[in-house]
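Below: one structure, written as structure tokens.
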Amino acid sequence: MEKNIDESKQGDHLVLEQKDGNSRKLFIESYGCAMNFSDSEIVASILSNEGFNTTQNLEDADLVLVNTCSIRDKAEQTIRKRLQKYNAVKRINPGMKVGVLGCMAERLKNKFLEEEKIVDLVVGPDAYKDLPNLIAEVEDGRNAVNVILSKDETYGDIAPVRLNSNGVTAFVSITRGCDNMCTFCVVPFTRGRERSRDPQSIIEEVNDLGSRGFKEITLLGQNVDSYLWYGGGLKKDFEKASDLQKATAVSFSKLLDLCAEAQPKMRIRFSTSNPQDMSMDVIKTMAKHNNICNYIHLPVQSGSNRILKAMNRQHTREEYFEMIDNIKRILPDCTVSHDLITGFPTETEEDHKDTLSLMEYVKYSFGYMFTYSERPGTMAERKLEDDIPEAIKKRRLQEIVDLQQVHSLYRTKKFIGKVVEVLVEKESKKSSEHWSGRNEHNSVVVFPKEQYKVGDFVNVITSECTSATLIGEAIGYSENN
Ligand code: SAH
Ligand code: F3S
């Protein structure tokens, strides 16, 4: 952990961690999932030891790094447009170097250098520790590429520099990669095989955040329920572990237990859960600790058994319902959100109706909904024709978005007239006189500021809502404060 980091620059509750004596300027931005945002904090930490402080100003940067996403074609197009913007800036700042990190770097490798002349540096998600060497090469006038995926890299030994932090909420990464091989998904190819991070380093990071005043953490992984520590190495090699390693292995529910106990006043969240790996132990551990938020993001992708099978999701719709029933039985007020894809190859109207009826059963609080985007190299791309016309994909998407809107409103309305505990995160976007925060169920709550401040736990009585936001008034600090 760096000691000489200056955290005093707290303009607008944006905590910028800067190291005295660093003269080079790094502009780093992230696209895509929370894991990318978390990885950028690791990269900023590695580079802070190489003389780089972060800047919010692209025009000033000596080095520009963009952490990229490949999940859908549109995500990649967004990055390509961003590279054009860097190109324009380079005309006024010719010494600026540009690097691409993350999933697109891993997917395109050397091809990136050919396709985008602005790019000097291409670094995959497991190669960030090599950045100092790679940057030295770039400064010597050569392009540099490292996209080697690792069996054991978890960056567990690196204390992230918190970027754009509100000083209240933080991500803590616990696993990397994914072994699930959903047929539509590029992540197993860009982020490699699944491995878990040493629980001790996780707890140390959580405690450090606690001592620095952070109030909420989100444990991050592509598939958190699959977390398994047995001394390091790939999840798929667990079978080869010794008896002692097996006997002392730490599962996700155990890790949750350890985190909740280490910081009993801190809110603990986690993402993403996968229905096929989520165990009853996890639900029971949530019930055991008040500080683990009663909220589960449980992507389902489709409500049709035939499509779930074609997606290589390892559960049926009936098994999913069983999981939802168990959650509701053990955690009656737990909220659940989802991810759904419309227009997966061969999806019929019947399959689509199954998705709508699954949504009716669960009545999710909210969700992230997408049209299918064919990704190069995935099993679906190799074996199935992307045969659903764009107009049909879009129409089906609209139908599930509309239904979700109804359910979101139904769920949010249930909080009206109730007292909810809100962790204040920032000023409301719509009014400088209101705070914005979330309750444990992940609903956004807005209320007049009064004497409260960012980082306070406040009891708010709610009076109105939209489908996504509760509006109310503070009635005092909560006992958690
Ligand atoms: N690990 C998570 C998901 C990671 S990707 C899980 O367990 O499901 C985030 C979401 O993007 C996925 O849940 C899926 O809904 C969506 N997604 C992934 N690949 C996609 C593709 N090829 N087209 C459209 N949406 C996709
Ligand atoms: Fe992707 Fe499925 Fe893993 S959606 S990240 S392959 S769980």
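The values are calculated or read from the model by the stated rules, or taken from the named source; none is laboratory data. Since this is a predicted model, take the numbers as computed values, not measurements. Every residue, glycine as well, gets a Cβ built from its backbone with ideal geometry; the counts of neighbours run over all protein chains shown. Side chains included, ligands, DNA and RNA excluded: accessible areas come from the protein's heavy atoms. Shrake-Rupley method; radii C 1.70, N 1.55, O 1.52, S 1.80 Å.
See the values below:
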{"quantity": "Qualifying residue in the stretch 447-455 (condition: free of Cβ contacts under 8 Å to residues at least 24 places away in the same chain and over 21 Å from GLN263 (Cα atoms))", "calculated": "yes"}
{"quantity": "Test: residue in the stretch 276-288 that is open to solvent by 20 Å² or more (accessible area, probe 1.4 Å), touching a strand residue (DSSP E or B) at 6+ places or on another chain (Cβ under 8 Å) and near ligand 1 (Cβ under 10 Å from one of its atoms)", "calculated": "no"}
{"quantity": "All positions within the stretch 415-435 that are within 29 Å of LEU298 (Cα to Cα), without any contact (Cβ under 8 Å) to a residue 40 or more places away in the chain and in a loop (DSSP other than H, G, I, E, B)", "calculated": "SER428, LYS429"}
{"quantity": "When residues of the stretch 375-417 are limited to those that are within 14 Å of ligand 1 (Cβ to nearest atom) and in contact with a Pro (Cβ under 8 Å, 6 or more places away or on another chain), the one farthest from CYS465 (Cα to Cα)", "calculated": "LEU384"}
{"quantity": "Criterion: modelled with pLDDT of 95 or more, away from ligand 2 (no atom under 16 Å from the Cβ), touching a strand residue (DSSP E or B) at 6+ places or on another chain (Cβ under 7 Å) and among the aliphatic types (A, V, I, L, M) - qualifying residue of ILE292, ILE203, ILE296", "calculated": "ILE292"}
{"quantity": "Subset of the stretch 317-333 [more than 16 Å from ligand 2 (Cβ to nearest atom), without any contact (Cβ under 8 Å) to a residue 60 or more places away in the chain and either closer than 20 Å to ASP179 by Cβ or outside any helix (DSSP H, G or I) (or both)]", "calculated": "LEU331, PRO332"}
{"quantity": "Index of the failed condition, PRO345 passing every other in (1) within 16 Å of ligand 2 (Cβ to nearest atom); (2) assigned to a loop (DSSP other than H, G, I, E, B); (3) within 25 Å of the chain's Cα centre (by Cα)", "calculated": "(3)"}
{"quantity": "For PHE366: the one exception among (1) within 16 Å of ligand 2 (Cβ to nearest atom); (2) among the aromatic types (Phe, Trp, Tyr); (3) open to solvent by 30 Å² or more (accessible area, probe 1.4 Å)", "calculated": "(1)"}
{"quantity": "Check on ILE174, more than 25 Å from ASP386 (Cβ to Cβ) and surrounded by 22 or more Cβ atoms within 10 Å (Cβ to Cβ)", "calculated": "yes"}
{"quantity": "Test result for SER253, under 30 Å from CYS182 (Cα atoms), of a type in the set (Ser, Thr, Tyr) and assigned to a loop (DSSP other than H, G, I, E, B)", "calculated": "no"}
{"quantity": "The stretch 208-246: number of residues that are more than 16 Å from ligand 1 (Cβ to nearest atom), farther than 27 Å from PRO264 by Cα and not in a loop (DSSP other than H, G, I, E, B)", "calculated": "10"}
{"quantity": "Tally, over the stretch 139-195, of residues that are within 14 Å of ligand 2 (Cβ to nearest atom), basic (Lys, Arg) and in a loop (DSSP other than H, G, I, E, B)", "calculated": "1"}
{"quantity": "Those residues of the stretch 218-243 which are open to solvent by 30 Å² or more (accessible area, probe 1.4 Å) and closer than 14 Å to LYS151 by Cβ, in sequence order", "calculated": "GLY231, LYS235, LYS236, ASP237, PHE238, LYS240"}
{"quantity": "Qualifying residue in the stretch 308-319 (condition: under 30 Å from GLY455 (Cβ atoms) and either at pLDDT 95 or above or buried (at least 19 other Cβ atoms within 10 Å of the Cβ) (or both))", "calculated": "no"}
{"quantity": "Residue in the stretch 33-42 that is among the β-branched types (Val, Ile, Thr), in contact (Cβ under 8 Å) with a residue 60 or more places away in the chain, part of a helix (DSSP H, G or I) and within 30 Å of SER196 (Cβ to Cβ) present", "calculated": "yes"}
{"quantity": "Enumeration of residues in the stretch 69-113 that are open to solvent by less than 50 Å² (accessible area, probe 1.4 Å), of a type in the set (S, T, N, Q) and away from ligand 2 (no atom under 16 Å from the Cβ)", "calculated": "ASN93"}
{"quantity": "Identity of the residue in the stretch 264-282, under 18 Å from GLU318 (Cα atoms) and of a type in the set (A, V, I, L, M), that ends up farthest from the chain's Cα centre (by Cα)", "calculated": "MET280"}
